[in-house]
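The values are calculated or read from the model by the stated rules, or taken from the named source; none is laboratory data. Just so it is clear, the structure is predicted and the values come from calculations on it, not from any experiment. Backbone-built Cβ (ideal geometry, glycine too); neighbour counts: all protein chains shown. Heavy atoms of the whole protein, side chains included, go into the accessibility calculation; ligands, DNA and RNA do not. Shrake-Rupley method; radii C 1.70, N 1.55, O 1.52, S 1.80 Å.
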Amino acid sequence: MTYLDNNATTQPTARVVEAMLPYLTECYFNASASTATFTGADKPRREAAAAMSKLLNAEEPDCFIFTSGATESNNWVFSSFARGRKAGRVLVSTIEHASVSEPAAELARAGFEVVEVPVDAQGVVRIDALRDALREDTALVSIMAANNETGVLEPIAEIGRLIRELCPAALFHTDATQAVGKILVDLQGDWQDVDLLSFSAHKFHGPKGIGGLYIRPGFEVEPMILGGGQEQGLRSGTTNTPALAGLASAASEARNLNSPAMCSLRDTFEARLQDEFPEAVIHSRGVPRLPSTSCFSLPGMLGEEMVGALAAAGIIVGTGAACSAGAIQSSKTLRAMEVAHEIAVAGLRVSLSRYSTMQELTEIIVQLKAIRQELPPE
Ligand code: PLP
C-alpha cells in the first residue's frame with residue numbers, strides 16, 4: 001500500500017510505538033495516584049508537557065492541557081467561551097475545519113454574532129476583511145494556522161498583531177493541528193499574540209486519541225470535564241499514559257523535521273504532474289504552504305472517483321469533496337476560494353510524511369494516466 005494521505009493521519013514512528021509499550025505492559029499504573037512518583041506513571045505526562053513546550057517554545061510546560069485531540073480542544077475553546085456569556089462577537093475564517101466551524105455555528109444558533117472572514121483565491125485569509133470585521137466588541141477570533149486541504153499557511157503572526165492593535169481584549173485561538181510538528185511555531189516569538197492553540201499527536205507521527213490545548217499563562221478557561229481533577233482540574237479522567245508517552249516521543253522527534261527535502265519532493269511532483277497533465281490546476285501554488293501538501297484538480301475527472309480508482313491500485317490519497325444525497329459537494333476550502341465547481345469537484349490532495357518517496361509520487365502520476373486512459377471520451 002502506498003500511503004499519501006498524511007494530512008488525515010500519519011504512521012506512528014517505531015520510537016513512538018516503543019515509547020508507548022511499557023505503559024501498556026509493565027507500567028500501567030494510575031498517573032494521579034500518590035504513588036505515581038514511585039511507579040513512574042507520572043512520567044509520560046511530564047515528558048509530553050516538556051516536549052510540547054520545547055517544540056512550540058512555550059513559556060512553561062504547565063501551559064499544556066492534554067485532550068483526546070484537536071476536535072476536543074477546538075470544541076472546548078468554544079464551549080468555554082460561551083459559558084457564562086449570552087452574547088459576543090466571534091470571528092472565524094471560511095476555511096476552518098468542521099471542529100471549529102460546527103461549534104461556531106452552535107454559538108450562532110445560541111444568539112452569538114458569528115462572522116465568517118473570507119479568504120482570497122489562494123486560500124489566504126483576507127487581512128482587509130479581517131481588519132473591517134475586528135470591531136471593538138469582538139471577543140473571540142479563531143483562525144487556523146494551516147489548512148488541511150490546501151496546506152496554505154495563514155499569516156498567524158500578522159493576524160495576531162492586528163487583533164492586538166484593534167481589539168486588545170479579544171481572545172485569539174488558532175487550530176494549529178496541521179502546523180504543529182511540520183513548521184516552526186514560536187509562541188514566545190512570532191506567535192506571541194496567540195492565546196490558545198489546538199494540536200493533535202497523530203498528525204505528526206504520534207498516536208491517535210491524544211492532543212491538547214496550549215493556554216497562554218494568565219489566561220483562564222472553564223473546565224471541560226469535571227471529575228477527579230486531572231489536567232489542572234480542567235479535563236478530568238484517568239490520564240492516558242501510553243498515548244502521552246507516544247506524544248512525548250513524537251514531539252521530540254518532530255524537532256528534526258527535514259522540510260526543505262519534503263518541499264523539493266512536493267515541487268518535483270507538481271512539476272511532473274503539470275508536464276503530464278498540462279490542464280492540471282495546482283491550488284495555492286503561489287503562497288506559503290505546508291511542505292507536505294499538494295492539492296490539485298484534473299478537470300474532467302471527479303476527485304472522489306479518482307480517490308477510489310487510486311485506492312483500487314493500492315494508493316491512498318485524499319479529497320475534500322464529498323458525495324451527499326447523490327450530489328457531489330466540492331471541498332469547503334476550494335469553494336471558499338471561489339474555485340469553479342467543475343474544477344473544485346476534481347480536487348485531489350496528496351499529503352506527504354517523512355517516509356514519502358519520489359518513487360511513490362511518480363507512481364501516482366503513472367496511475368492517474370492509466371485511469372485517464374480508461375475514462376470514456378467526453
Ligand atoms: N483541525 C484540523 C485542521 C484537522 O486537519 C483535523 C483533522 O483532520 C482536526 C482539526 C481534528 O483533529 P483530531 O483528529 O485530533 O480530532
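Could you please let me know if LEU234 is over 26 Å from THR293 (Cβ atoms) and either without any contact (Cβ under 8 Å) to a residue 60 or more places away in the chain or within 14 Å of the ligand (Cβ to nearest atom) (or both)? Spelling it out, it is not the case that LEU234 is over 26 Å from THR293 (Cβ atoms) and either without any contact (Cβ under 8 Å) to a residue 60 or more places away in the chain or within 14 Å of the ligand (Cβ to nearest atom) (or both). Of all residues in segment 91-120, those satisfying the criterion of being surrounded by 15 or more Cβ atoms within 10 Å (Cβ to Cβ) and assigned to a loop (DSSP other than H, G, I, E, B) are THR94, ILE95, GLU96, HIS97, PHE112, PRO118, ASP120. Name the pairs whose Cβ atoms lie under 7 Å apart, with the first residue in segment 301-324 and closer than 14 Å to LYS369 by Cα and small (Gly, Ala, Ser), the second modelled with pLDDT of 95 or more and open to solvent by 40 Å² or more (accessible area, probe 1.4 Å), and 6 or more positions between them or separate chains? Here the result reads ALA313/GLN367, each pair linking segment 301-324 to a residue that is modelled with pLDDT of 95 or more and open to solvent by 40 Å² or more (accessible area, probe 1.4 Å).
The residues listed here are ASP175, ASP195, ASP186; of these, the one that is in contact (Cβ under 8 Å) with a residue 40 or more places away in the chain and out of contact with any helix residue (DSSP H, G or I) (no Cβ under 7 Å at 6 or more places or on another chain) is ASP186. Note on segment 163-176: residues that are more than 18 Å from THR94 (Cα to Cα) and either within 16 Å of the ligand (Cβ to nearest atom) or open to solvent by 10 Å² or more (accessible area, probe 1.4 Å) (or both) amount to 6. Considering segment 72-82, the residues that are small (Gly, Ala, Ser) and more than 12 Å from the ligand (Cβ to nearest atom) include one that is most open to solvent (accessible area, probe 1.4 Å), namely SER79.
Give the residues of segment 47-70 that are out of contact with any strand residue (DSSP E or B) (no Cβ under 8 Å at 6 or more places or on another chain) and either within 11 Å of the ligand (Cβ to nearest atom) or assigned to a loop (DSSP other than H, G, I, E, B) (or both), sorted by residue number.
The answer is ASN57, GLU59, GLU60.
Could you pull out the residue among GLY123, GLY69, GLY88 that is modelled with pLDDT under 95 and crowded, with 18+ Cβ neighbours inside 10 Å? Even if it seems obvious, please write down each step before you answer.
On the way: GLY123 fails: modelled with pLDDT under 95; GLY69 fails: modelled with pLDDT under 95.
Testing whether each residue is modelled with pLDDT under 95 and crowded, with 18+ Cβ neighbours inside 10 Å leaves just GLY88.
Within segment 98-122, residues that are touching a residue at least 12 places away in the same chain (Cβ under 8 Å) reach partners that are open to solvent by less than 40 Å² (accessible area, probe 1.4 Å) and of a type in the set (D, E, K, R) with beta carbons closer than 6 Å, at six or more positions or on different chains, in the pairs VAL100/ASP175; GLU113/ARG89.
Quick one: count up the residues across segment 264-284 that are touching a residue at least 60 places away in the same chain (Cβ under 8 Å) and surrounded by 15 or more Cβ atoms within 10 Å (Cβ to Cβ). Total meeting the criteria: 9.
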